[in-house]
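Trainee: Could you have a look at this structure, given as structure tokens, before my questions?
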Amino acid sequence: MTRSALVVCLSVLLAASISAQENYRGGIVYGPKAAFNISAPEGWVLDNESGVNQKQPCVLYPKGSTWQDAKTVMYAKVASTEFEDVNAFVAFAIKGMQEKHGLPKEKIESGKTKDGRPYFINEYPATKNYPQWERVAYVQLPHAVAYIVLSSRDQANYRKDAPALTGAVKSVFYLELKADSSSPRAVSPAPTSVATASRFTSLSEAIAEADRNSETSEGKRYDYEFSSSVQSRLADVVHECAKDSKLPLVFDVVFIFAADGRVENTLQTPDQSAAVCVADKLRNIRLSAPPRAGWPFHLHVELNPAKENAKPRSGPNPATSKDMQLSMQAGKAGVAGNYKEALRLYGQAIKLHGHFAPFVYHNRGMLYLNRAKASTDAHSRTADLQKAIADFKTSIDLGAASDDELNRGLEKVGTRAHLEEATKLLAEETPDNH
């Protein structure tokens, strides 16, 4: 484990273990012209083996059941190469199924996938000739059509399980196949081998570059921006994703950022459902433009109950430190626009005089700075900028006096730049004083 990766070491005991029926939370469905990532909705599992003999390489069913005995199942596929338009494919499907199904209830629901692509759902009620209750979600991909079928043995289970299809289709995001991709598997359980536009050929290669980048000044600044963006929900995400996993648990996720600051791809430890889950839940973060397109960020996660009473090698753990917990709660309140509550929580954290005081002052300074930038009142804007400057200076002074490398490094990766920004904005607010 390298020091440059963002490391999560949560000393928690999760009362759960992996059952003998090990399945994946997410996977990748491949077709001749396209591929897409799909995640199992809550309470469901994704299976890339049980349906292969029936030409269904990506099947989903409720936890505690199997592909063979489940009352409701789903399967995901890419339409054959002759169909590139979703409407043409649906018209063909309706015509082919009309004798058994009759006419469907068209577009009973619509929405957007994880990457913003529109989808719609048709319902195919049971008939005398076909006892299954079904609904199908359709997604238009570039030059291809993705579809997910939910099928129930009776109406009662159909009504109960139908929302799972919505959860599944909302998790979909398109993956571009490389031109030299040759006969990929129909579904992959983990995105480490996904054929995408990413220039990395393996997880280890991406980790190596991410760790090298983290030694540079621009890399440290971007690492800090990532850490600041996820700190308020990272612990919750890891807890949720690891709740069904056996401990100790160790995995890596690399987020690869496009030129516009969005996550264009992820790579993670293979055969590790918790890693897939963390990557999926944090995929929607959006940062500023990275130093260059295809910028990798390395997240390393460890959960080990055996270390619960052990002292961390590098001092207190931010995830369990009281001042950082209050700071994270304050950050959530600030994002929700509840500035009064956020400032109250930051005040409580500061009174603790905790180990991570430089971070607390920095985070409160960011609240003041962001509120000032969003304000239309000149007096309030000036007051917030002055408070932001004071907090950033305090953060820098406390960090410089600390014997902790993490606190000392805070100035280098973010606080100084934010101080300069706030000072410049204040100068623009009060030009006559300069």
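Trainee: Using 1/(1 + (r/R0)^6) with R0 = 25 angstrom and r between the beta carbons of Thr81 and Asn53, what's the FRET efficiency to the nearest 0.05?
Mentor: Numbers: r = 23 Å, r/R0 = 0.92.
Computed FRET efficiency for Thr81 and Asn53 comes out at 0.60.
Trainee: Further question on the same structure: Let me make sure I get this right: for the range 27-169, a, b and c are the square roots of the gyration tensor eigenvalues over alpha carbons, sorted descending. Under 1.5 in a/c it's rounded, otherwise prolate if a/b > b/c, else oblate. Which is it?
Mentor: On the way: a/c = 1.43, a/b = 1.08, b/c = 1.33.
Rounded is the answer for the range 27-169, as its axis ratio a/c remains below 1.5.
Trainee: Can you tell me the order of 114-127, 373-386 when each peptide is scored by its average per-residue count of other Cβ atoms within 10 angstrom, highest first?
Mentor: Numbers: 114-127: 17.3, 373-386: 14.5.
Ranking the peptides 114-127, 373-386 by packing returns 114-127, 373-386.
Trainee: Something else about it: Answer rounded, prolate or oblate for the range 356-400, using the Cα gyration tensor with square roots of eigenvalues a ≥ b ≥ c: rounded when a/c is under 1.5, else prolate when a/b is larger than b/c, else oblate. Before the final figure, lay out each step's value.
Mentor: Details: a/c = 4.43, a/b = 2.42, b/c = 1.83.
In terms of gyration-tensor shape, prolate.
Trainee: Keeping the other protein chains in place, figure out the carbon and sulfur percent of the accessible area of the range 120-179, with a 1.4 Å probe. Numbers along the way, then the final one.
Mentor: Working: 1270 of 2350 Å².
Here it works out to 54 percent.
Trainee: Let me ask another. When the Karplus curve 6.51 cos²θ - 1.76 cosθ + 1.60 is applied with θ = phi - 60°, which whole-Hz ³J(HN,Hα) does each residue of the range 205-215 get, with x for Gly and Pro?
Mentor: 5, 5, 4, 4, 5, 4, 5, 5, 4, 5, 7
Trainee: If you plug each phi of the range 325-330 into the Karplus form 6.51 cos²θ - 1.76 cosθ + 1.60 with θ = phi - 60°, what whole-Hz ³J(HN,Hα) values come out, in order, with x for Gly and Pro?
Mentor: Calculated HN-Hα couplings, in order: 4, 5, 5, 5, 4, 5 Hz.
Trainee: Which far-off residues, 5 or more places away or on another chain, put their amide H under 5 Å from the one on Phe173, with H placed in the peptide plane?
Mentor: Here the answer is Asn37, since their amide H atoms fall under 5 Å of that of Phe173.
Trainee: What accessible area per residue, rounded to a whole number of Å², is obtained for the range 80-160 using a probe radius of 1.4 Å?
Mentor: Values: 4380 Å² over 81 residues.
For the range 80-160, the per-residue accessible area is 54 Å².
Trainee: Something else: Going through the cross-link list Lys33/Lys243; Lys351/Lys387; Lys63/Lys160; Lys71/Lys95, which pairs have a Cα-Cα distance over 24 Å in this structure?
Mentor: Values: Lys33/Lys243 36 Å; Lys351/Lys387 17 Å; Lys63/Lys160 14 Å; Lys71/Lys95 27 Å.
Distance filter (> 24 Å) returns Lys33/Lys243; Lys71/Lys95.
Trainee: Also, I was wondering about something else. Starting from the range 200-299, pick out the GluC sites (Glu not before Pro) whose DSSP state is loop and whose Cβ has at most 13 other Cβ atoms within 10 Å. Don't skip to the answer; put the middle values down first.
Mentor: Details: sites: Glu205, Glu209, Glu215, Glu218, Glu225, Glu240, Glu264; in loops: Glu215.
Answer by residue number: Glu215.
Trainee: Find, among the trypsin sites (Lys or Arg not before Pro) in the range 269-302, those assigned to loop by DSSP (not H, G, I, E, B) with at most 14 other beta-carbon atoms within 10 angstrom.
Mentor: Numbers: sites: Lys281, Arg283, Arg286, Arg292; in loops: Arg283, Arg292.
Counting only loop positions with at most 14 other Cβ atoms within 10 Å, the trypsin sites (Lys or Arg not before Pro) in the range 269-302 are Arg292.
The values are calculated or read from the model by the stated rules, or taken from the named source; none is laboratory data. Values in this document were obtained by computation on a predicted structure and should not be read as measured data. All Cβ positions, glycine included, derive from the backbone under ideal geometry; neighbour counts span all protein chains shown. Side chains included, ligands, DNA and RNA excluded: accessible areas come from the protein's heavy atoms. Shrake-Rupley method; radii C 1.70, N 1.55, O 1.52, S 1.80 Å.
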